[in-house]
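Asks: Sharing a structure, written as structure tokens. Questions coming.
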Amino acid sequence: MNPYVLTALLSSLGLGTTLTFASSHWLLAWMGLEINTLAITPLMAQHHHPRAVEATTKYFLTQATAAAMILFASTTNAWLTGEWTINNLSSPVASTMFTAALALKIGLAPMHFWMPEVLQGLDLLTGLIMSTWQKLAPLALIIQVAQTVDPLLLTTLGVMSTLVGGWGGLNQTQLRKILAYSSIAHMGWMVIVIQYAPHLTVLALGTYIIMTSAAFLTLKMLLATKVSTLATGWSKSPVLASAEALVMLYLGGLPPLTGFMAKWMIFQELGKQDLSIIAWIMALAALISLYFYLRLCYAMTLTISPNTATSTTPWRAHTTQTSLLLAIFTITALGLLPMTPTILMLTT
């Protein structure tokens, strides 16, 4: 893609998210979401492959449906209350429609069916943008309206997302679909606590973005899109394969790794709110997710492809891919857990 066009599209992505962050009016927030959608659509279709075009079409139709629901809900709310401000969401019908539309935007269960199919049709870098940056603006809106939404609705969305994210990823062989179900499960953890401790939602989102970025960039470096191709990673780069195995365990929330920090705090908060049964369901759903992360770790570090040598090939050409971002995200993911007391002090 032309670098000037790429710069314009990435700038539009940043503009759309910033506009939604800064807005207190529903139409401005809707405009920011639309700029985001229109900016990422050419990035999705840049390879002119039938799968990429299909994924782009599915994504556009889904996001257009969610945007129409947001417009309808904001108009209904303005008709009933006389105001367009985001914080003044007093109508139960409008708040439920808003929540459903924003859940469709970020792929919460049961509005998640588009996400694995769309992510499977994209290249890894565009998939990384869709799994991380595109979650920011809708989650910011959910945080703003969470206090006016029925707690039962948010709890149901959170529990369903963690269960679907765990069960859906069990039988997958495509890495992008596994990461899509991982995203659905992590969104469930963020939404379940959003009414009681929004700062924990922001913390979980930050750790999720760091760990997912490290996972996607490592897979891009290894040129791996299927579980079977992960077995060749050890002969390409043992250090990279080991780091990717650790990142997968971070995503699974295995203690004492970084991913455990946010889950542990959310678990504590649910206990304080007398939602012990919900907390245990979430913990069991996280165990289901941990299984397919362990399967990926096994494929990367404990199996070797029969078509490759058992040692590092000295003749392999050096890659031309930049590894600076990968190094930054991996090191950050490695060092976050010891900083938990500092993060707690800053967020409470």
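Asks: Please find, within the range 83-95, the residue that is farthest from Ser24 (Cα to Cα) out of those that are open to solvent by 60 Å² or more (accessible area, probe 1.4 Å) and not hydrophobic (A, V, I, L, M, F, W, C).
Replies: Going residue by residue through the range 83-95, those that are open to solvent by 60 Å² or more (accessible area, probe 1.4 Å) are 83-84, 87, 90, 92-93.
Filter once more, so that each one left must be not hydrophobic (A, V, I, L, M, F, W, C): 83, 87, 90, 92.
On the way: Glu83: 11, Asn87: 8, Ser90: 15, Pro92: 19 Å.
The residue in question is Pro92.
Asks: Also: Considering only residues that are closer than 20 Å to Ile143 by Cα and part of a loop (DSSP other than H, G, I, E, B), which ones fall in the range 66-94?
Replies: Glu83, Trp84, Ile86, Asn87, Asn88, Leu89, Ser90, Ser91
Asks: Next question, about the same structure. Only one of Thr156, Thr218, Thr212 is free of Cβ contacts under 8 Å to residues at least 12 places away in the same chain and not acidic (Asp, Glu); which? Explain how you work it out, then say what you get.
Replies: Numbers: Thr218 fails: free of Cβ contacts under 8 Å to residues at least 12 places away in the same chain; Thr212 fails: free of Cβ contacts under 8 Å to residues at least 12 places away in the same chain.
Only one candidate qualifies: Thr156.
Asks: Considering only the range 21-65, how many residues are open to solvent by 70 Å² or more (accessible area, probe 1.4 Å) and not in a helix (DSSP H, G or I)?
Replies: 4
Asks: Just the residues that are surrounded by fewer than 16 Cβ atoms within 10 Å (Cβ to Cβ) and part of a helix (DSSP H, G or I), please, taken from the range 284-303. Quick ask: steps written out before the conclusion?
Replies: Here is the first cut: in the range 284-303, the ones surrounded by fewer than 16 Cβ atoms within 10 Å (Cβ to Cβ) are 284, 287, 291, 294, 298, 302-303.
Those that are surrounded by fewer than 16 Cβ atoms within 10 Å (Cβ to Cβ) and part of a helix (DSSP H, G or I): Leu284, Leu287, Tyr291, Leu294, Tyr298.
Condition check ((1) among the hydroxyl-bearing types (Ser, Thr, Tyr); (2) open to solvent by 10 Å² or more (accessible area, probe 1.4 Å); (3) in a helix (DSSP H, G or I)) across all residues:
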residue: Leu104; (1), (2), (3): no, yes, yes
residue: Pro110; (1), (2), (3): no, yes, no
residue: Leu125; (1), (2), (3): no, yes, yes
residue: Lys135; (1), (2), (3): no, no, yes
residue: Pro138; (1), (2), (3): no, no, yes
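Asks: List every residue pair whose Cβ atoms sit under 7 Å apart, with the two residues 6 or more apart in sequence or on different chains, where the first one lies in the range 4-31 and is more than 28 Å from Asn88 (Cβ to Cβ) and the second, anywhere, is among the hydrophobic types (A, V, I, L, M, F, W, C) and in a helix (DSSP H, G or I).
Replies: Matching pairs, first to second residue: Leu9/Ala39; Leu9/Leu43; Ser12/Ile35; Ser12/Ala39; Leu13/Ala39; Leu13/Ile40; Leu13/Trp133.
Asks: Regarding Lys272, is this residue open to solvent by 30 Å² or more (accessible area, probe 1.4 Å) and either at pLDDT below 90 or of a type in the set (Phe, Trp, Tyr) (or both)?
Replies: On the way: open to solvent by 30 Å² or more (accessible area, probe 1.4 Å): yes; either at pLDDT below 90 or of a type in the set (Phe, Trp, Tyr) (or both): no.
So Lys272 does not fit the description; no.
Asks: Out of all the residues in the range 95-104, is one or more more than 29 Å from Asp123 (Cβ to Cβ) and either of a type in the set (A, V, I, L, M) or in contact with a strand residue (DSSP E or B) (Cβ under 6 Å, 6 or more places away or on another chain) (or both)? Can you show your working first?
Replies: Within the range 95-104, the subset more than 29 Å from Asp123 (Cβ to Cβ) is 95-100.
This time we only want the ones that are either of a type in the set (A, V, I, L, M) or in contact with a strand residue (DSSP E or B) (Cβ under 6 Å, 6 or more places away or on another chain) (or both), so: 97, 100.
There is at least one residue in the range 95-104 that is more than 29 Å from Asp123 (Cβ to Cβ) and either of a type in the set (A, V, I, L, M) or in contact with a strand residue (DSSP E or B) (Cβ under 6 Å, 6 or more places away or on another chain) (or both).
Asks: Checking Thr320 against (1) open to solvent by less than 100 Å² (accessible area, probe 1.4 Å); (2) modelled with pLDDT under 70; (3) in a loop (DSSP other than H, G, I, E, B), which test does it fail?
Replies: The number of the failed condition is (1).
Asks: Looking at Trp189, Trp234, can you tell me which residue is open to solvent by 10 Å² or more (accessible area, probe 1.4 Å), part of a helix (DSSP H, G or I) and closer than 21 Å to Ala279 by Cα?
Replies: Trp189
Asks: I'd like to check something: does the range 196-209 contain any residue that is touching a Pro at 6+ places or on another chain (Cβ under 7 Å), free of Cβ contacts under 8 Å to residues at least 60 places away in the same chain and under 30 Å from Ser23 (Cα atoms)?
Replies: Initial filter on the range 196-209 (touching a Pro at 6+ places or on another chain (Cβ under 7 Å)): none.
The answer is no; no qualifying residue exists.
Asks: Which of (1) without any contact (Cβ under 8 Å) to a residue 24 or more places away in the chain; (2) within 30 Å of Ser24 (Cβ to Cβ); (3) over 17 Å from the mean Cα position of the chain (by Cα) is the odd one out, the single condition Met111 does not satisfy?
Replies: Single failed check for Met111: (3).
The values are calculated or read from the model by the stated rules, or taken from the named source; none is laboratory data. These numbers come from a predicted model, not from an experiment. Glycine gets a Cβ as well: all are built from the backbone with ideal geometry, and neighbour counts include every protein chain shown. SASA here: full protein model, heavy atoms, side chains in, ligands and nucleic acids out. Shrake-Rupley method; radii C 1.70, N 1.55, O 1.52, S 1.80 Å.
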